[in-house]
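Encoded as structure tokens, the structure appears first; notes follow it.
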Amino acid sequence: MDKVRPCLWFETEAEEAVNYYVSLLPDSKIEHVQKNVTETPGGPEGSVLVVEFSLAGRSFMALNGGIKREYNDCVSFSIDCEGQAEVDRLWSKLLADGGREVACGWIRDRFGVPWQIIPRDLPRMLADKDVERAKRVLTAMMSMVKIDVEQLRRAYDGD
């Protein structure tokens, strides 16, 4: 277990969300489901209170708080993708069943949680010492909703 881990707040759908999230990435699993021992704002006795889980080996919690809370972009989860195939797969899964596209590789899943689906090469390109290359990549990225790796490479190469 990580010493510090994010806790995601849900009205009542923590277990549903966690099952969805662990299906997205390898090395992900539900570690523990804590049931309510008495009625709470999150649900009646016996309902799910907290789900402890890991995504790609990193610890998280999900809590049924009983009150609808909206996520904002101040905190998001960034997924480091091998290439376009992984970007496309995750984008499709996160968009399914009510997710929505945002911009520049950002997407919100059906629970409203913000994610960044980022190809591994993007940070390297943006940090290039050749400022003109980095500017072209940033300009290309800013025009995208879902990141297109090949288009970034063309911008990087000046094509």
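The values are calculated or read from the model by the stated rules, or taken from the named source; none is laboratory data. Note that the structure is predicted; figures quoted are calculated from it, not measured. Reconstructed Cβ throughout: ideal geometry from the backbone, glycine too, with neighbour counts over all protein chains shown.
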Next on the checklist: Residues that are at pLDDT 95 or above, over 12 Å from the mean Cα position of the chain (by Cα) and closer than 23 Å to W106 by Cβ: does segment 35-46 have at least one?
Outcome noted: no
Checklist entry - So which residues in segment 114-159 are part of a helix (DSSP H, G or I), β-branched (V, I, T) and surrounded by 15 or more Cβ atoms within 10 Å (Cβ to Cβ)? => result V137, V149
Checklist entry - Only one residue in D80, D159, D148, D128 is free of Cβ contacts under 8 Å to residues at least 24 places away in the same chain and not assigned by TED's automatic domain parsing to the domain that holds T40, so which one is that? => result D159
Item to check | Selected residue (criterion: nearest to L24 (Cα to Cα)) from residues of segment 83-109 that are in contact with a strand residue (DSSP E or B) (Cβ under 9 Å, 6 or more places away or on another chain) and touching a residue at least 60 places away in the same chain (Cβ under 8 Å) | outcome: L90
Checklist entry - What are the residues in segment 93-113 that are closer than 21 Å to L152 by Cβ and surrounded by 13 or more Cβ atoms within 10 Å (Cβ to Cβ), if any? => result L94, L95, E101, V102, C104, G105, W106, I107
Checklist entry - Which residues, counting only those in segment 1-24, are surrounded by fewer than 16 Cβ atoms within 10 Å (Cβ to Cβ) and under 15 Å from the mean Cα position of the chain (by Cα)? => result R5, P6, C7, N19, S23
Item to check | Index of the failed condition, E70 passing every other in (1) among the charged types (D, E, K, R); (2) over 24 Å from M142 (Cβ atoms); (3) surrounded by 15 or more Cβ atoms within 10 Å (Cβ to Cβ) | outcome: (3)
Checklist entry - Out of segment 62-78, which residues are among the aliphatic types (A, V, I, L, M) and either in a loop (DSSP other than H, G, I, E, B) or touching a Leu at 6+ places or on another chain (Cβ under 6 Å) (or both)? => result A62, I67, V75
Item to check | Sole exception among (1) assigned to a strand (DSSP E or B); (2) in contact with an Asp or Glu (Cβ under 9 Å, 6 or more places away or on another chain) for A17, by number | outcome: (1)
